[in-house]
2 protein chains.
Amino acid sequence: MTTASLARFAAELRFEDIPTPVVRRAEDLLVDWFGSAIAGHGTRPVETIAAFARAMGPAEGASEVLVGRGTSSPYFAAMVNAAASHVAEQDDVHNGSVFHPATVVFPVALAWAQALGASGQQLLTAAVAGYEVGIRVGEFLGRSHYKVFHTTGTAGTLAAAATAGHLLGLDAVRMQHAFGSAGTQAAGLWEFLRTAADSKQLHTAHAAAAGLMAASLARDGFTGAAQILEGSQGMAAGMSSDADARKLTDGLGTRWALAETSFKYHASCRHTHPAADALLAVMQAHDLRADDIAEVQTQVHQGAIDVLGPVVDPATVHQSKFSMGTVLALVARFGQAGLAEFDAHFRDDATRAFHDRVRMALDAEVDAAYPRRWIGKVTVRTRDGRVLEGRVDEPKGDPGNTLSRDEITAKALRLAAFSGGASEAEMRDAIGALWRVADAAKVGRLLGAQA
Amino acid sequence: MTTASLARFAAELRFEDIPTPVVRRAEDLLVDWFGSAIAGHGTRPVETIAAFARAMGPAEGASEVLVGRGTSSPYFAAMVNAAASHVAEQDDVHNGSVFHPATVVFPVALAWAQALGASGQQLLTAAVAGYEVGIRVGEFLGRSHYKVFHTTGTAGTLAAAATAGHLLGLDAVRMQHAFGSAGTQAAGLWEFLRTAADSKQLHTAHAAAAGLMAASLARDGFTGAAQILEGSQGMAAGMSSDADARKLTDGLGTRWALAETSFKYHASCRHTHPAADALLAVMQAHDLRADDIAEVQTQVHQGAIDVLGPVVDPATVHQSKFSMGTVLALVARFGQAGLAEFDAHFRDDATRAFHDRVRMALDAEVDAAYPRRWIGKVTVRTRDGRVLEGRVDEPKGDPGNTLSRDEITAKALRLAAFSGGASEAEMRDAIGALWRVADAAKVGRLLGAQA
């Protein structure tokens, strides 16, 4: 009955049922997603998928393709926007499910809302349905699944189906069919990491497109498996060895998993974020500049050492995002480690020199708290001989240390400026409209035609 | 190196490399597939997918959609034709891989050949590449995979990518990227069987579309995992426990797996076919009519008893395809158990009466030979008291007892007549063109616009 219960929840959720703070957080996540989508402009994998959509789809349609400023059918608009919003690695993440919800939920919500002339409240409600479903499916599939499968691709297909199905007005029965058709298309393998291939964007594009298709087919009477998640030949049977069906319905309607989702503030590996924020804290408290610092020791969990330890001499921007030394250097020099800082400064002399002054050490307290809490601790020795301690109990962007709306806006503006995907004026207009989306009778176009 | 070797084979195969009997068999399979595709006309799951393609795709394009007589982009034409050719359950099957190649290979081959203006020899070569790849991937994934996954959906995605990639002229490196992008989208779960949902057609639609997309992206420089099949986070790691990498390259270029593929002659469960053919043999040898027969005992393998045994009083057409009594009744009365015979006569009084005169018994010789050989044995008692034995060593359609071109043509005509998807004159024209496809400088349209 678990797939059925989850489908009923996704179908029957009403805007009025969602607590106001959760609605506000959904708006935060929407604006944050919009910045990530614009950040995909001009990147090779995204442009390749966008070209495929133009070749195979209609010349224009009711839904906006944010990179390239075209329009298409909801299917291709969702496909391209989903690819675009997962390339800068700045989109949101839910820690417990290791699932990136925004990149598969909002492209589908925007595409159908624009095509249907839906209201902003309908868009937000559909997005909440997508988050609640996708996060629970990710938690259900568990750690054994994540070892081989990219949960954002697999659970993401269900999240996309829930989002699309809600906007299409599916009842509980048809939503369950949509889940069946989504789950039987769910895919995404980590193997691409070995050769740094482009699959990550294909996974989100596929999840959004396949989930949207599943919901459309269900609306028109196409049937799917009734128990695609927990059935004996379903997703868990085929792709997990530690699935726990109770997680599918955990706190439905009372626990809002959307509100547990974290923003990514720095454009680097999440394992660097606690230390980066702790360093910022100590620099702020003692009014330090980068040049004042002789040495930084970060006290970290074992996982950080496993992932970041091998990166001793980062040669590319991508690799430097996994270098604790480079990340702390950028944070110390510029106050943030964003796409622009990485691109322009990841191997400046000054960055390299600071990089060489950073060390990592295993810390019992930090390691014991992980992964429930990501504590950041640093010990800084200054050139004038002081030894100073910095600490954060949650890295910036986690629910207990979330971004303000000004910070979310600023992050989106930075991403657009970096990619060149939209002017600052265009971004301010679009973001302004998104902050007011709950009042919109119809979700309109976010950007104009190509400038 | 196995994915790499398989990709190189698919990229570099030349028409001249393929033995003439294999080319002729490929033509046989192409005509047989065409009949199955037309058989999908008017069925609800196929029409629903076709409507989705019309809503999300271009109004017209360079590739033919066989059901509904429209055109679209190669992507949607392949998607709809793949759905259409897997609904009548009359499309071909490769026994060793339990994989249905035609339904995922030929839709992609036809769509790209028409869009590119490719020759018939190019279409056939691409199809052979698709068969050789898909069958080996199915054999590689093994029995553990097939227990949960619909191999035609998963291995089929690779087969579609090989077919599309060959027509697009991918070199070995790009073909390997195409395999990476295909494998990371490969999906299809058996869970839908439990509630007889529509997913089977979605699986073939998805495999064809995702494989085609993977090849298009690879042409444009999009990269995929290098070892998506055998890598430690690849398909086998995630979806099989008995994968054998040697099977991926078994006899590449010398063993032609395409020629091992079986045609389905009767429109019923394959477990009924050996007995049906043995009954036909004994009726032909002794010039018997159905009314002459007092009793039939079929000597079968245990698997047939497991699958067919529970079906004692078939209530629907679909169920009656799993009833040994009904199938033998139709064969005895009409000489074949095709879609039309099932639809019109599955519960006639005469069919029911014959049904009640059929029994199954386990046979040691038949059981020992299975699944390598599907031997059919029947003992018939006539009303005038004779006891007659019938036997076939391979059911009709298997490579050692294959269909003649007249039989393949007749089967396609029957399927079209049943579905109403094309007139007999149209079918004869199209089939005539397909028998001569190896001489075609360009693959043209097979059917006219809607009659």
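Since every read-out is calculated from the coordinates, none of them should be taken as a lab result. These numbers come from a predicted model, not from an experiment. A quick note on method: Cβ atoms are made from the backbone with ideal geometry, for glycine too, and the neighbour counts reach across all protein chains shown.
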Practice task
Show me B:276-285, B:76-85, B:13-22 ranked by packing, highest mean number of other Cβ atoms within 10 Å first.
Solution key: B:76-85, B:276-285, B:13-22
Completion exercise
One decimal, nm, nearest first: from B:Ala410 to the same residue in each other copy, label points 7 Å out along Cα→Cβ, the values are 8.1
Problem - Given charges at beta-carbon only (K, R positive; D, E negative), |dipole| of the protein assembly as shown in Debye - result: 160
Fill in the blank from the handout: If every Lys and Arg gets +1 and every Asp and Glu gets -1 at its Cβ, then about the Cα centre segment B:270-396 yields a dipole, in debye to the nearest 20, of 100
Problem - Among A:Val300, B:Phe149, A:Ala129 - extreme Cα towards positive end, dipole of the protein assembly as shown, charges at beta-carbon - result: A:Ala129
Exercise for the section: Per DSSP H run of n ≥ 4, the term is -39500 (n - 2.57); total these for the protein assembly as shown, divide by its residue number, and report the mean residue ellipticity at 222 nm rounded to 500 deg cm²/dmol. Expected result: -16500 deg cm²/dmol
Practice task
Per residue of B:171-181, count partner chain C-beta atoms within 10 Å of its C-beta, then hand back the mean as an integer.
Solution key: 2
Practice task
Note down the relative contact order for segment B:270-396 as a percent, whole number, built from C-alpha pairs under 8 angstrom at least six residues apart.
Solution key: 41
Handout entry: Per-residue average of Cβ from other chains inside 10 Å of B:48-60
Key = 5
Handout entry: Protection proxy ranking, peptides A:159-169, A:195-205, A:414-424, average beta carbon neighbours within 10 Å, highest first
Key = A:159-169, A:195-205, A:414-424
Problem - Inter-copy label distances at B:Pro371 (7 Å, Cα→Cβ; nm, one decimal) - result: 3.7
Practice task
Could you order peptides B:286-292, B:208-214, A:386-392 by the average number of other Cβ atoms within 10 Å of their residues, highest first?
Solution key: B:208-214, A:386-392, B:286-292
Handout entry: Percentage relative contact order, chain B, counting C-alpha pairs under 8 Å, at least six apart
Key = 20
Problem - Spatially proximal lysines relative to B:Lys411 (Cα-Cα < 16 Å; intrachain offsets below 8 disregarded) - result: B:Lys264, B:Lys396
Problem - Cα lying deepest toward the dipole's positive end in chain B, options B:Gly42, B:Pro310, B:Ala164, charges on Cβ - result: B:Ala164
Problem - For chain B, with +1 on Lys and Arg beta carbons and -1 on Asp and Glu, the positive-most of B:Phe106, B:Ser423, B:Val378 along the dipole - result: B:Phe106
Exercise for the section: Summarise the partner chain shielding of A:74-85 as one whole number: the mean count of Cβ atoms from other chains within 10 Å of each residue's Cβ. Expected result: 1
Fill in the blank from the handout: In this structure, among A:Lys147/B:Lys200; B:Lys247/B:Lys442; A:Lys200/B:Lys200; B:Lys147/B:Lys321; A:Lys147/B:Lys147, pairs with alpha-carbon gaps over 31 Å are B:Lys247/B:Lys442
Handout entry: Cβ-vector label at 7 Å, B:Asp287, separations to other copies in nm
Key = 11.7
